[in-house]
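*Asks:* First the structure, which I've put down as structure tokens, then a few questions once you've had a look.
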Amino acid sequence: MSLLDLPEQDATLVAGVLARQRRALAKAITLIESSRLDHQARAHKVLEALLPSTGKAIRIGISGVPGVGKSTVIEALGLYLIEQGHRVAVLAIDPSSSISGGSILGDKTRMELLSQRDEAFIRPSPASGALGGVAHRTREALLLCEAAGFDVVIVETVGVGQSETAVAGMTDVFVLLQLPNAGDDLQGIKKGIVELADIVVFNKADIDPRAAEVACGQMRSALHMLRPLSTHWQIPVLKISAAKKEGLTEFWQAIEKYRQTMVAAGEFDSKRKHQALAWMWDMIETGLHQQFREHPIIKRELTGVADGVSCGKITPAAGAHQLLGYLK
Ligand code: GDP
């Protein structure tokens, strides 16, 4: 796909993204978020044209319960990285935003300093649709940010539900933020979120440094009981204070070290390849599901078959077999 194959407005959009114009990037993301079919077709071509310019950022997932300090941490880290010469994009996945209509990044007062910087781009979670659709659009937005020259892309999510898995599935390194005084480090492990973490960070260490140290120790021993995601990587447990901007250098060093270690072990690229394939299968499943629901015969027969299954006249397997048969 070359720029010449695109209609003028989209060629201008692509050129704007490549020229690192934040306005063009925001417009391109709006295009990929649109549910209009003509927009989707355009978005597909725009992404295809930008694809060769993607892939160069480090993709960081950051998760933690509301109040743990995600936006404070991201703002502090973002400003720190800008001082080091980086360009930082922040995206979000918030499964609650489709219910509340709000978004974890929707509140304009969040990350106010970071949002004022030319070297930063902050985009709230797409507010509508199921998690699958939101995750898909965020993955594409991430690629657009890379094409726009952001070399650090942070995807933020709240520490509940399936959104962690979605974010871990689109980022290179997944950071779990924890509170030192939460009391039970096993809570996170039970929820299965700690299993996804490549780095664990206790924030708000300034409040009670001793408690933060204890919490780090507890987490380290808890992590010993888990099967590591990679045999090459021992999950570091750090303490920081985003409010006081303490521990940011160590935090960034841990991310860099993770990247270097994974690259050296050949796991960095293989993780991305695996993620790309998983994304494709995800889209195939979504597409098949949609085709199934929209098929004219299935639409007509579905209620009858479903009634038959629910009152025990047809077995679930026979019902599924019958309906799937119409797809052929
Ligand atoms: P989020 O909901 O996870 O995004 O959390 P916020 O970043 O909005 O932070 C929640 C509250 O914790 C705010 O009042 C912050 O000022 C405060 N906070 C965040 N980081 C720190 C920290 O390192 N130390 C202290 N003492 N407070 C913090």
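The values are calculated or read from the model by the stated rules, or taken from the named source; none is laboratory data. Note that the structure is a prediction, hence the values are computed from the model and not measured. FYI the Cβ positions are ideal-geometry reconstructions off the backbone, even for glycines, and counts take in every protein chain you see. Accessible surface is based on the protein model in full, side chains and every heavy atom, while ligands, DNA and RNA are left aside. Shrake-Rupley method; radii C 1.70, N 1.55, O 1.52, S 1.80 Å.
*Asks:* Cross-link partners among lysines for LYS27, C-alpha distance below 30 Å, same-chain residues fewer than 8 apart left out?
*Replies:* The reachable lysines, counting only those whose Cα sits under 30 Å from LYS27, are LYS45, LYS56, LYS70, LYS108, LYS271, LYS273.
*Asks:* Setting aside same-chain residues fewer than 8 positions from LYS204, which aspartates and glutamates have a Cα under 17 Å from its Cα?
*Replies:* Straight-distance partners of LYS204: GLU75, ASP184, ASP185, GLU213, GLU246, GLU250.
*Asks:* Now, a different point. Only bridges with both residues in the chain count here: give the DSSP antiparallel percent, nearest 5.
*Replies:* Once the DSSP bridges in the chain are tallied, antiparallel ones form about 5 percent.
*Asks:* Run the reach check for LYS328 against lysines, Cα to Cα strictly under 18 Å, same-chain hits fewer than 8 apart removed. What comes back?
*Replies:* Qualifying lysines at Cα under 18 Å: LYS299.
*Asks:* Another question, then. Dipole of segment 278-325 (Lys/Arg Cβ +1, Asp/Glu Cβ -1, origin at the Cα centre): which of PRO296, GLY308, GLY325 lies farthest to the positive side?
*Replies:* GLY308
*Asks:* In addition: Between ALA41 and ALA15, what is the spin-label point distance in nm, taking each point 7 Å from the Cα along the Cα→C-beta axis?
*Replies:* Roughly 2.4 nm, to one decimal.
*Asks:* Over its Cα atoms, what ratio of radius of gyration to 2.2 N^0.38 Å does the chain give?
*Replies:* After normalising by residue count via 2.2 N^0.38 Å, the value is 1.10.
*Asks:* So who's got an amide H within less than 5 Å of the one on PHE202, skipping anything under 5 residues away but keeping other chains? H placed 1.01 Å off N, in plane.
*Replies:* GLN178, LEU238, LYS239, ILE240
*Asks:* Let me ask something else. With 15 Å as the cut-off, how large is the P(r) tail for segment 1-53, expressed as percent of Cα-Cα pairs?
*Replies:* Here the tail beyond 15 Å accounts for 38 percent of pairs.
*Asks:* Also, I was wondering about something else. What's the carbon and sulfur percent of the chain's accessible surface, probe 1.4 angstrom, rounded to a whole number?
*Replies:* Result for the chain: 56 percent of the exposed heavy-atom area is carbon or sulfur.
*Asks:* Now a separate question. How would you order 272-283, 74-85, 146-157 from highest to lowest mean count of nearby Cβ atoms within 10 Å?
*Replies:* Put in order of decreasing packing, that is 146-157, 74-85, 272-283.
*Asks:* Next question. At a Förster distance of 51 Å, what's the computed FRET efficiency of HIS321 paired with LYS245, Cβ-Cβ distance as r, to 0.05?
*Replies:* 0.25
*Asks:* Probe 1.4 Å, all protein chains in place: accessible area of ASP94 in Å², nearest 10?
*Replies:* Only protein atoms counted, so the area is about 10 Å².
*Asks:* Please list, in order along segment 302-313, the HN-Hα scalar couplings obtained from phi with the Karplus expression 6.51 cos²θ - 1.76 cosθ + 1.60 (θ = phi - 60°), rounded to whole Hz, x for Gly and Pro.
*Replies:* Once θ is set to phi - 60°, the couplings for segment 302-313 become 4, 4, x, 5, 4, 4, x, 5, 5, 9, x, 7 Hz.
*Asks:* Using the Kirkwood radius built from alpha carbon pairs, what does the Stokes-Einstein equation give as D for segment 278-325 at 37 °C and 0.692 mPa s, in µm² per second?
*Replies:* 282 µm²/s
*Asks:* Moving on to the next point. Taking H placed 1.01 Å from N in the peptide plane, check which residues at least 5 places from ILE154 or on another chain put their amide H under 5 Å from its amide H.
*Replies:* ILE60, ALA89, VAL90, LEU91
*Asks:* Further question on the same structure: Please list 3J(HN,Hα) in residue order for segment 141-149, calculated via the Karplus relation 6.51 cos²θ - 1.76 cosθ + 1.60 where θ = phi - 60°; whole Hz, with x for glycine and proline.
*Replies:* These are the phi-based 3J(HN,Hα) values: 4, 4, 5, 4, 4, 5, 4, 7, x Hz.
*Asks:* Using a probe radius of 1.4 Å on heavy atoms only, what accessible surface per residue do you get for segment 278-325? Whole Å² is fine.
*Replies:* 74 Å²
*Asks:* In whole Hz, what ³J(HN,Hα) sequence does segment 247-257 give by Karplus (6.51, -1.76, 1.60; θ = phi - 60°), x for Gly and Pro?
*Replies:* x, 5, 4, 5, 4, 5, 4, 5, 5, 4, 5
*Asks:* A further question follows. Mind ranking 61-67, 201-207, 317-323 by how tightly packed they are, going by the mean number of other C-beta atoms within 10 angstrom, highest first?
*Replies:* 201-207, 61-67, 317-323
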